Each structure stands twice: as C-alpha cells, then as structure tokens.
1. Might you let me know whether the stretch 121-143 holds any residue that is out of contact with any Lys or Arg (no Cβ under 7 Å at 6 or more places or on another chain), without any contact (Cβ under 8 Å) to a residue 12 or more places away in the chain, on the phi < 0 side of the Ramachandran plot and not aromatic (Phe, Trp, Tyr)?
2. Select from the stretch 128-147 the residues that are within 15 Å of the ligand (Cβ to nearest atom) and closer than 25 Å to residue 41 by Cα and list them in ascending order.
3. Find the residue count for the stretch 459-483, including only residues that are surrounded by 12 or more Cβ atoms within 10 Å (Cβ to Cβ) and hydroxyl-bearing (Ser, Thr, Tyr).
4. Evaluate the stretch 104-118: report whether one residue or more is out of contact with any Phe, Trp or Tyr (no Cβ under 7 Å at 6 or more places or on another chain), within 14 Å of the ligand (Cβ to nearest atom) and at pLDDT 95 or above.
5. Can you work out which of the residues in the stretch 150-160 that are more than 17 Å from residue 77 (Cβ to Cβ) and surrounded by fewer than 21 Cβ atoms within 10 Å (Cβ to Cβ) is farthest from the ligand (Cβ to nearest atom)?
6. Taking the conditions exactly as written (open to solvent by less than 40 Å² (accessible area, probe 1.4 Å) and in contact with a strand residue (DSSP E or B) (Cβ under 8 Å, 6 or more places away or on another chain)), does residue 431 satisfy them or not?
7. List, please: which pairs have Cβ atoms under 7 Å, are six or more places apart or on different chains, and start with a residue in the stretch 307-325 that is part of a loop (DSSP other than H, G, I, E, B) and end with one that is of a type in the set (D, E, K, R)?
8. Since residue 127 meets every condition but one in (1) open to solvent by 20 Å² or more (accessible area, probe 1.4 Å); (2) more than 30 Å from residue 187 (Cβ to Cβ), which condition does it not meet?
Amino acid sequence: MSAKTVIELDHTENELRVTLSRMRQAYTRQPAPTDKERIDRLNRLHNAVVDYKDRLIAAADADFNGRSGAETLMLELMPVLEGIRYNRKNLRKWMKQSRRHTPLMLLGAQTKVHYQPLGVVGIVVPWNFPIFLGLSPLVGAFAAGNRAMIKASEFAPRTGDVLKEMLAETFSEDEVAVVTGGVEVATEFTRLPFDHLVFTGSTQVGRIVMHAAADNLTPVTLELGGKSPAIIHDSFPIEEAAKRIAFGKGLNAGQVCVSPDYILVPRGKVDAFADAFIKAFTKHYPSLADNADYTSIITDRQHDRLLDTVRDAEEKGATVMRVNPADERFDHTRKLPMHVIKDVSDDMRVMREEIFGPLLPLVPYDTLDEAIAYVNGRDRPLALYYFDWDRGRAERILRETHSGGVCINEVMTHTIVDDMPFGGVGPSGMGHYHGKEGFLNFSKAKGVVRKGRLDGNALIGAPWGNRYFNLFVTFQLRRFRKI
Ligand code: NAD
C-alpha cells in the first residue's frame, strides 16, 4: 500500500468518526424524538423519493448499464414509499410504553417496557437494490427515532451519488449521512462504534462485518444471501408453477437475494417444467439484448462469474438450455440470457454457490421426504418456496424446514409485505426489519420498575426469618408446589 493511500485512508476514517460523533451529539441533545418529529422525517423522505424518482431510475439504469425503469419503480421506489406509509401509520402504537405483569415480590410497584431509540444506526448497502436496501432500513431506523449513516455500494456509484445529494438536501447532516467509496471505506465504516449496524450483502462479507462489529459490541442485523429453493409438489400443475417462478426469476435478471436459486421438481416432470418455464419467460421477455425490460448484469466481474458457473456445470456433465428467444448476439451488452440447467450434481459451482443471476438448475426428486432432506442437508436459506394446493402438506414443509421467509404457491413477494418481519436464519442472516419487528430491532426495549410509596422490602428484609418474610415465603412455596 502506498503512503498516499494510507493517508487517504486515515483521512476517511477520521471523517467517518467525526460524522458519527456529530450525530451522536445531536442524538444526545434530542434523545427522544416525538411521534411528530419521526413522522416529519418520514414525510420528508417520502417527498424526496417522489421528487427524485426520475433521477434515481436514471442512475440505477446507468449503474447497471441497462436496469429496467419499471423494476426500479416497482421493486425499489414503491416499496420504500409503501414502507414509509406503513411505519407512519403504526409508529404511535409501537412507541407506547407497554404495561407488564408485576411479580408478587414487587407488590404495589408498576412494571413497564419503554421503547427507546438506540442512537445512530449504520446501514451497509449492496448493489442489487441500491435504493431500497439503503432506504428501507432507514425508514425503520427513523420510525424508532434514530439517526443513520448509510454506506452506499461502490458497484452502484451513480445511484449512491444521487442518494447522497437527495438525503443531504432533505436532512441535516446530523440526521442522515451517506458515505460513498470502495471496500476500504466499507471496512472503516463497519468498524465504527454504531449503536446498531445493518449489513445487507453476501454471507462471506457478513462474517467479516460481524467480527468488526464484535470489537465494539455493536449489535448487528445481517441480511445475507444463500440458495433459496423452490419445491414443486407432484400434484401441482407444472405449467402454473413454471409461470409463477418465471415471473420472479426474471426480475433484475435473477440478481435478487430471494430469487429462486434452484427448483426441486418431481423426477418425471423436469422436461415439462423446463419447457413451461422457457415458454413463460419468453412471454415476459420476447427479446433480451436490447430489451429495456430485461436488466443487465451489474459488472463484468459478475457477468464472468456467471459464465464461469455455466461453463463449470457443462464441463461436469450438466445439460444447459440457453433461453435466447430472438436469437440475438450479446457481445455489445452485459445482458445475460436465462440458462435452465438440467443433470446437475453437488460438485458443480451452480449447486454449491449462491447463483444471483439468470441461471436456474433443476433438481429431480422422488418423494417429499427426499426433497425436505435435500433442503435440510444444506445451509438454511433466506427464502423457501413451496407449490402445493394441499394445506396439510404445506404445513409440514413449514414445520420441518428452516428459512428466513416462505411463500406458498408464489415466489419472492413476502419481501414487500411491510407488516411481516424480513430476515434470514443462520448463514442467511440474523435479526429482522420491516413491520413491528423492525421497530423493535431499532429500539432498546427497556424494562422499568416504578415503586410507589409502599415499600414491601422494608417489611420482609433481613434479618431473614422475620414474621413478614415467613408469611411471604410460606405463601410463595404454596404457589410453587410441584405440578
Ligand atoms: P457484498 O457482500 O460483496 O457487499 C455488500 C456491501 O459490503 C458493499 O457495500 C460493500 O462495500 C461492503 N463490503 C465489501 N467488503 C467489505 C468488507 N471487507 N468489510 C465491510 N464491508 C464490506 O455483497 P454484494 O455483492 O453487494 O451483494 C450481493 C449479496 O448480497 C448476495 O449474497 C445477496 O444474496 C445479498 N443480499 C441480501 C439481501 C437480503 O436482504 N438478505 C438483499 C440483497 C442482497
């Protein structure tokens, strides 16, 4: 590392620390924003997103070198506005102190839980939804009365710059700050002693971030990735499943954390599924290379990684169907056709690593037990999809598998339900945001005992064995008799 780089790094680190300390001071001056103040922040954010809509869409398009404007609108901006609306509507209810059961020993006292803002929340954003994954945690942080620093993704720099300008224009610098820059900045960012850190990104980097946060004992919410399976039951109409999966898998060209990663298909129906999937996908995207509805792969590196993954599968014996409906050339673009992949095995990268792109391996299975065992034999995924009209069998899947979230007869849409927690489990993440769980995630639930004028301790206190103590113990032991 050159001397100049070291100095630049020091500079960045200092700037980050100064920003955090300024925010913390502002928090200390105003530690408990009222509901009105929180709603005002959410309203300002709402208006900023509305005002910047076109610029955000254009920036994401430029970053991807072809990001469908409809997708940016539908999958990034609208869910942020929906989340603001939902939080604005509910935060008064969530902020209320909650009365709790008081044990006998505290007779006469009152027990309550207060939900207190944590202070300053750090938010690390990945490139695949560079707007939503920065602003959605911000909405939760604001609703709970916090301030926030956002680290935008270096792979979506134009969107990061527009977000920075938008938020700087809308909020004071001690309410929100956006930090841009590469891995060095991200590394310094995650070493800051935030009151809470939300990291959205890969499982691999999530591990590093958790280590960094541990040095400060900063609590983390890790929104990570993994291989989210879809299981199609033998009784479910295969064309219908293929249609529903094709809708989701095409979004952002499969660069979605909850995109169906592989499909467990009844053994005799693999070809029927592949045909129906290709037909449904082609209906959505009759052409790809110059079709503005179909999103590009974000970088050359990701593009090469996906092509290497296909090559590796082919070399190891997989059958690859390249879906190129208009028979186009792709050498002038980073768009990548959908690849349906059959005859896969566990030694292929496509079955070992998260795909995060338009590749779809099909895994045949014989019995539901076998499909469940296949899922349970791997890391707990971020999402699981099950196609079956039979509610009893669906309940079994819910009981016997673990995943961050589930859709039945559907894919991916659980992420946009504001009234449900969103988050992974094990290697796919920890903690939740969205919904009331998000509010709780960004609040300290502080237990408070308030004692009145009556002081029972004065009666029962040592020397032990006094009359009131004996009465109390006798009564309690009677309550606690063996069941
Ligand atoms: P990534 O892990 O490479 O990077 C995410 C962020 O971490 C970036 O802002 C980057 O600057 C920062 N970063 C990189 N190295 C770092 C380090 N050493 N220390 C601290 N920070 C560092 O992920 P990505 O490629 O941007 O995004 C793709 C991944 O994100 C996929 O695995 C996907 O499943 C996951 N993801 C998860 C969710 C979710 O909600 N669970 C949503 C979107 C994406």
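1. Scanning the stretch 121-143 turns up no residue that is out of contact with any Lys or Arg (no Cβ under 7 Å at 6 or more places or on another chain), without any contact (Cβ under 8 Å) to a residue 12 or more places away in the chain, on the phi < 0 side of the Ramachandran plot and not aromatic (Phe, Trp, Tyr).
2. At the first step, the residues of the stretch 128-147 found to be within 15 Å of the ligand (Cβ to nearest atom) are 128-140.
Result: 129, 130, 131, 132, 133, 134, 135, 136, 137, 138, 139, 140.
3. Here the count works out to 1.
4. Within the stretch 104-118, none of the residues are out of contact with any Phe, Trp or Tyr (no Cβ under 7 Å at 6 or more places or on another chain), within 14 Å of the ligand (Cβ to nearest atom) and at pLDDT 95 or above.
5. 157
6. Details: open to solvent by less than 40 Å² (accessible area, probe 1.4 Å): yes; in contact with a strand residue (DSSP E or B) (Cβ under 8 Å, 6 or more places away or on another chain): yes.
Yes.
7. 316/347; 317/343; 318/342; 318/343
8. (2)
The values are calculated or read from the model by the stated rules, or taken from the named source; none is laboratory data. Predicted model, so just to flag it, every value in this text is computed and none were measured. Quick reminder, even Gly has a Cβ in these numbers, built from the backbone with ideal geometry, and neighbours come from all protein chains shown. Heavy atoms of the whole protein, side chains included, go into the accessibility calculation; ligands, DNA and RNA do not. Shrake-Rupley method; radii C 1.70, N 1.55, O 1.52, S 1.80 Å.
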